[in-house]
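Input: a single structure, listed below in structure tokens.
What follows is calculated from the coordinates using simple rules that are stated; it is not laboratory data. Here the structure is a predicted model, which is why all the values come from computation and not from measurement. For neighbour counting, all protein chains shown are included, and Cβ atoms are generated from backbone atoms with ideal geometry for every residue, glycine included.
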Amino acid sequence: IMDGPSTPSLLLLQAYIDGAFVGEPTVDVTDPATGELVGRVPDLGAAEAVRAVEAAHRAFKPWAARTAKERSTVLRRWFDLIIANKDELALIMTREQGKPLAEAKGEIDYAASFVEFYAEEAKRISGDTLPSHRADARIMVLRQPAGVVAAITPWNFPAAMITRKCAPALAAGCTFVVKPAMETPLTALALARLAAEAGLPDGVFNVVTGEDAQAIGEVFTSHPAVRIVSFTGSTEIGKLLMRQCASGVKRVALELGGNAPFIVFDDADLDAAVEGAMVSKYRNMGQTCVCANRIYVQSGVHDAFVEKLVTAVGLLKVGRGTEEGVTQGPLIAMDAIEKVERHVADATSKGAQVLLGGKRHALGGGFFEPTVISGVTQDMAVAREETFGPVAPIFRFDTEDEVVGYANDTEFGLAAYFYARDVGRIFRVAEALEYGMVGINSGLISTELAPFGGVKESGHGREGSQRGVDEFVDIKYLLVAGL
Ligand code: ADP
């Protein structure tokens, strides 16, 4: 367990239900860089999930009855506390997740930005008055909080995947229960402590830790008090939760896997494209659902781009996230390493060349060498599956139509990126890509100000921006007649 003079006071080892830290810490949370114990959390199951949902249900009406400004004030205080405790939160995150400390701090800023944005937005969740079809009547449309929201979140963004869901939910007047990934529950619990300190009433925000995700997920998808299930994670589990939600006709918001194409056209600014590819591909060691998964480069600039990319990737520094200057931490677990190895082996067996890296790093454990492979084609596993690791596979293409076809040839539709200067091409390609988000001349698209989400099997629903509230409100139409 983290100890010594630098032990963060936000390191909490119990789940948070109905305003109290509860449960016996029994499940190890380990540092993926070293295997060291970072902390332990309780192994709660269905019974405690029910208790959390019922606490959230009891807390719902009083929370919804507060004025928007009161909810806003509490959220704003939570934002201030998250920022004030950024260093501690980031350290906890790096220890349990592995990402470099600078990236962890960046994630805390990003996570906090949703709390700030929806603290502001709380006061603007307004309805409509519409022209009436009758002279003696008026039409009003209310946007009311839907009720209890149950969320299940992944390990790659231990803070932001929670706040992106709960901030709009709480702003709207909903209450919230989350089951964080068991690789990274400590960041969630630290956020809960700050939520309590900010004045979120008991039961409004709950964190249930437990290894039996299936049992907790069954409660979330079947308990009659839950109105919305919001999930970020694999497409497989997303589909399962959607099926489970069908019997109670619960609303589901799903942020699932991606298979992002990153296209570099002949007219691109190559240095900018390399910079964009670096941040899109290697951020969080390639473990984000919007990471470039397939890099398509037009023939005229192919060799120049590859050379510049290899140079840039060669400068990445692999090591423990807490070490100064490190840009690449470990992958989250050994099965992640095995998947990356499988993708590299499959590509090389079908004719691709490894230009850099390609194997486990000398540091051992979950470390993998930042890798670039060229000569990649559509028949290889890297073209079809999300790699979720630090491998940049380069495909060569000739025409715009050809590459748009390749880009859309996937069941996923989360993020896509392309670099071009020709304005006609920019609009043609942007409109032709079957994706929920398109970064044009940028490898980084995430911001609380924009709607994040996918199409096709990458899910539905949007998080962030004014639209992020839509998931959590019910539309009610009033016909006021007899006037
Ligand atoms: P990842 O590859 O990111 O681990 P998962 O979809 O398996 O993707 O995990 C995302 C979240 O879903 C985690 O919090 C995990 O515990 C949870 N989860 C996994 N299986 C289930 C399940 N059967 N029901 C509910 N939640 C689940």
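If the viscosity is 1.306 mPa s and the temperature 10 °C, what translational diffusion coefficient in µm²/s does Stokes-Einstein give for segment 3-70 when Rh comes from Kirkwood over Cα pairs?
109
Hey, got the dipole for the chain? About the Cα centre, +1 on K and R Cβ, -1 on D and E Cβ, debye to the nearest 20?
Computed charge dipole of the chain: roughly 1520 debye.
Quickly estimate the mean residue ellipticity at 222 nm for the chain, helices only: each DSSP H run with n ≥ 4 gives -39500 (n - 2.57), and the total goes over all residues, rounded to 500.
After summing the helix terms and dividing by residue count, I get -12500 deg cm²/dmol.
Of all DSSP beta bridges located in the chain, what percent are antiparallel, nearest 5? Please list the in-between numbers first.
Working: 27 of 65 bridges.
The antiparallel fraction comes to roughly 40 percent.
Specify the angular offset, from 0 to 90 degrees and rounded to the nearest 10, of the alpha carbon long axis of helix 213-222 from the longest principal axis of the alpha carbons in the chain.
Roughly 50 degrees between the two axes.
Using 1/(1 + (r/R0)^6) with R0 = 22 angstrom and r between the beta carbons of E431 and I475, what's the FRET efficiency to the nearest 0.05?
After rounding to 0.05, the efficiency reads 0.15.
If packing is taken as the average number of other Cβ atoms within 10 Å across a peptide's residues, how do 50-57, 130-137, 385-392 rank, most packed first?
Final packing ranking: 385-392, 50-57, 130-137.
For Cα pairs less than 8 Å apart in space and 6+ apart in sequence, what is the mean separation divided by the residue count of the chain, i.e. the relative contact order in percent?
With pairs under 8 Å counted, the relative contact order is 18 percent.
From the convex hull of the Cα coordinates of segment 112-158, what is the mean projected area in square nanometres? Before the final figure, lay out each step's value.
On the way: hull surface 22.7 nm².
Mean shadow area of the hull around the Cα atoms is 5.7 nm².
Work out the charge dipole of segment 218-300 with +1 on the Cβ of Lys and Arg and -1 on the Cβ of Asp and Glu about the Cα centre, then indicate which of N284, F265, V219 is farthest towards its positive end.
Selected residue: V219.
Over the Cα atoms of segment 323-444, how large are the radius of gyration and the largest Cα-Cα distance (Dmax), in Å?
16.1, 48
Compute the distribution of all C-alpha to C-alpha distances in segment 401-457, in bins of 5 Å from 0, and list the percent of pairs in each, rounded to whole numbers.
Going out from 0 Å in 5 Å bins, segment 401-457 shows 4, 19, 28, 27, 16, 5, 1 percent.
Check cross-link reach from K308 to the lysines: straight Cα distance under 30 Å, and skip same-chain residues fewer than eight apart.
K99, K105, K281, K317, K339, K350, K359
Ranked from highest to lowest mean number of other Cβ atoms within 10 Å per residue, what is the order of the peptides 232-241, 262-271? Mind dumping the intermediate values first?
Working: 232-241: 18.4, 262-271: 20.0.
Per-residue mean Cβ counts within 10 Å order the peptides as 262-271, 232-241.
Let me have the relative contact order for segment 1-127, percent, based on Cα pairs under 8 Å that are six or more residues apart.
24 percent.
Where both partners of a DSSP beta bridge lie in segment 78-233, what percent of those bridges are antiparallel, to the nearest 5?
20
Hull surface divided by four, with the convex hull built on the Cα atoms of the chain: how many nm²?
That works out to 24.1 nm².
Whole angstrom only: what separates the Cα centroid of segment 361-378 from the Cα centroid of segment 442-483?
About 37 Å separates the Cα centre of segment 361-378 from the one of segment 442-483.
When ranked by the protection proxy of mean other Cβ atoms within 10 Å per residue, highest first, what sequence do the peptides 306-313, 72-79 form?
With the highest mean Cβ count within 10 Å placed first, the list reads 72-79, 306-313.
Checking the a/c ratio against 1.5 first, then a/b against b/c, what shape does the Cα gyration tensor give for segment 9-132?
Since a/c reaches 1.5 but b/c is at least a/b, the shape of segment 9-132 is classed as oblate.
Out of V429, M380, I475, whose Cα points farthest toward the positive end of the dipole of segment 378-483 (charges: +1 Lys, Arg; -1 Asp, Glu; placed on Cβ)?
Final value for the positive-end residue is I475.
Would you be so kind as to identify which of I445, L355, A52 lies farthest towards the positive end of the dipole of the chain, taking Lys and Arg as +1 and Asp and Glu as -1 on Cβ and the Cα centre as origin?
Farthest towards the positive end: A52.
Can you grab the distance from the C-alpha centre of segment 159-185 to the C-alpha centre of segment 275-348, Å, no decimals?
29
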